[in-house]
Amino acid sequence: GPPRSGNGAEAQRPPPRAAAEPEEPLQLHRPLCDCDECEGLLARFVAKTLQTKGIRFKCRLCSEMIVAKSSAAGHFQSKHGEDLQAFKKQKSPKLFEVQARSAQRSAAPKISFAREDILRKRPADETKAFGGWAKKEKPEPPPCERPDLPQVEAEPVLTAPPWANASRPSDDDATQMDKEVDGHIVQAQTKRFCRRNVLEVNPTSVRCKLCFKVIGTLAETEKHVIEAHREDFEKEIGIWERFLFTMCKRQPPFGWVCKVCNTFFPSDGATWRHMGKEVFVRREERHMGAWHEKEDRWGHEEDEECCGDGMNVGGGLSYESVKRFNEAARREAELMEAKAQEAMGPQNKPGDGSDDDDEPEPPQVEEGEVRFIQEF
């Protein structure tokens, strides 16, 4: 038989490939290739097949120990080139595609100096482009600006103040003594409103400051004020309740607190009763000062607004109030003048014509001669 070689691996080695096969693409990306694509694939192959062994590294393919990780790439390129090439073909097969010789030997691309090639813009189109750039479509106007849609006028939003819709505290837990204190507070408020709106002219005639009527006695005028001007009284009570809502603060877990004296109460009704007692019954200085400050500010908010005359009258009076006072003064002057004429009698009434002829004529003023100055 044929002689056997001493090395069995050499006997089983496959025959070399024919020279006619296209090996040019394989020459470009062999195991020792250092292009960017091959370096990236080599790093991925090293991370896949290198195993950490304590402070050293071990190859998973041949179990050989590697001292440093930096020398692992050379180990795989020299001893595991076939596995590396198979990994490259699997992960990036486009590197090993056979390219046509005409494409490899094609000439360099022609350099164009055209405007479109240099600026890399779209060709100018008068209908759809501006200077080579595509025009953006104008956004549609909002519905409130479109003429074809019906325009609905927005109603003004009126936000009520927090004290307008707030509920008053209930008196379910009030004792008999608390109800008596509430009665004294209401009586003090009514008496204060009546005394502020009456003007005592003399012991037998008293004037109402709200409607300027002259009524008999003080008691009758106070009764007239509380009955005929109930709306003004309710307005003043509304200012008082606004003051209570502002000065009574909810502070859990204790309950309610008076912001003037920082006294705690179990309920809001007790706090309101405390404020009314201190202001109208005891007339405590701190509570009275806080109430007068808020009353002066809130009570004249409407009067301080412009009433059409372009100016505001000082002292918290509106233009309409000044006109009413002037009208009342004019009527009083006319009444006094009529009474004075009646007291003079019919013989001294003006317009008789008896004394008209006796009145001396006023002296005539002599007019001098007009001369021009010629000295200068």
Can you tell which of 259, 249 is among the basic types (Lys, Arg), in contact (Cβ under 8 Å) with a residue 12 or more places away in the chain and surrounded by 11 or more Cβ atoms within 10 Å (Cβ to Cβ)?
259
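Assess whether residue 174 counts as being at pLDDT below 80 and part of a loop (DSSP other than H, G, I, E, B).
Details: at pLDDT below 80: no; part of a loop (DSSP other than H, G, I, E, B): yes.
No, not satisfied.
Looking at residue 297, is it modelled with pLDDT under 90 and either among the charged types (D, E, K, R) or surrounded by 19 or more Cβ atoms within 10 Å (Cβ to Cβ) (or both)?
When the stated conditions are applied, residue 297 passes them.
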Output for segment 186-243, where each listed residue is surrounded by fewer than 13 Cβ atoms within 10 Å (Cβ to Cβ) and polar (S, T, N, Q):
187, 202, 204
For segment 123-147, name all the residues that are modelled with pLDDT under 70 and part of a loop (DSSP other than H, G, I, E, B).
123, 124, 125, 126, 127, 128, 131, 132, 135
Among the residues of segment 277-289, count how many are touching a residue at least 12 places away in the same chain (Cβ under 8 Å), surrounded by fewer than 20 Cβ atoms within 10 Å (Cβ to Cβ) and of a type outside the set (Val, Ile, Thr).
2
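To keep it simple, each residue is scored yes or no on (1) at pLDDT below 80; (2) of a type outside the set (Ser, Thr, Tyr).
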{"site": "81", "(1), (2)": "no, yes"}
{"site": "92", "(1), (2)": "no, no"}
{"site": "115", "(1), (2)": "yes, yes"}
{"site": "121", "(1), (2)": "yes, yes"}
Output the number of the condition that residue 13 fails; it satisfies all remaining conditions of (1) over 26 Å from residue 97 (Cα atoms); (2) part of a loop (DSSP other than H, G, I, E, B); (3) modelled with pLDDT of 80 or more.
(3)
Do you know which of the residues in segment 49-63 that are without any contact (Cβ under 8 Å) to a residue 12 or more places away in the chain and not aliphatic (A, V, I, L, M) is least open to solvent (accessible area, probe 1.4 Å)?
58
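Conditions (1) among the β-branched types (Val, Ile, Thr); (2) on the phi < 0 side of the Ramachandran plot; (3) touching a Phe, Trp or Tyr at 6+ places or on another chain (Cβ under 7 Å), marked per residue:
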residue	(1), (2), (3)
228	no, yes, no
235	no, yes, no
238	no, yes, no
253	no, yes, no
257	yes, yes, yes
261	no, yes, no
265	no, yes, yes
274	no, yes, yes
Tally of residues being surrounded by 11 or more Cβ atoms within 10 Å (Cβ to Cβ) and β-branched (Val, Ile, Thr) across segment 166-185:
2
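The values are calculated or read from the model by the stated rules, or taken from the named source; none is laboratory data. A quick note: this is a predicted structure, and the numbers were derived from the prediction, not measured. Using ideal geometry, Cβ is built from the backbone for each residue, glycine included, and neighbour counts are taken over all protein chains shown. To get the accessible areas, we keep the full protein, side chains included, count just its heavy atoms, and leave off ligands, DNA and RNA. Shrake-Rupley method; radii C 1.70, N 1.55, O 1.52, S 1.80 Å.
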